[in-house]
Amino acid sequence: MPIHRGVVVSAGLMAKTVKVRVATRVMHPIVRKVITKHTSFLVHDEEQTGQIGDIVEIAEGEQRSTKKKFTITKKIHEAKLPALLAQAAADLAQQTKQAKQAEQAEQAGQANPTKPARKAKHAKHAK
């Protein structure tokens, strides 16, 4: 019964299921260099507590569907990503609001906004 540690890369799209990405370090047989291989597993999450960025431990258990045979045994590290994403979204909304207000003030100041005339790049195209 293999036990793996991985990072939740997808959550909330399927009922009681998260996608966990597990990294495995192996030696390349010819080059003799350590490389990292990644495998994604669909994992059963009964409590639906898994969020993107969580580090979890998964274990193979009963087969729940065609592609889902692992279960989350414990959460090793809670992700701070959702809080950071919420803060970034709020900052972006504030910036776009300020940009719209500045654009509206600029248009109110100019009754007839016109584009400046284009300059020719080459002398033969200038008229």
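None of the figures in this text is laboratory data; all of them are computed from the coordinates on show. Bear in mind that the values here come from a model prediction, so they are computed numbers and not experimental data. FYI the Cβ positions are ideal-geometry reconstructions off the backbone, even for glycines, and counts take in every protein chain you see.
A few comments on the model shown:
- When the pairs Lys16/Lys69; Lys37/Lys80; Lys37/Lys74; Lys80/Lys100; Lys37/Lys75; Lys16/Lys74 are compared against a 20 Å limit on Cα-Cα distance, Lys37/Lys80; Lys37/Lys74; Lys80/Lys100; Lys37/Lys75 fall above it.
- Taking 0.36 nm per residue of sequence separation and removing the Cα-Cα distance, the Thr39/Gln95 pair yields an extension gain of 16.3 nm.
- Only one residue of Ile55, Ile35, Thr66 has its Cα farthest out toward the positive end of the dipole of the stretch 27-67, where Lys and Arg carry +1 and Asp and Glu -1 on Cβ, and that residue is Ile35.
- For the stretch 10-51, the set of trypsin sites (Lys or Arg not before Pro) satisfying both a DSSP loop assignment and a count of at most 13 other C-beta atoms within 10 Å is given as Lys16, Arg32, Lys33.
- Net length available on complete extension from Glu106 to Lys69 is 7.4 nm, with 0.36 nm assigned per residue and the Cα-Cα distance removed.
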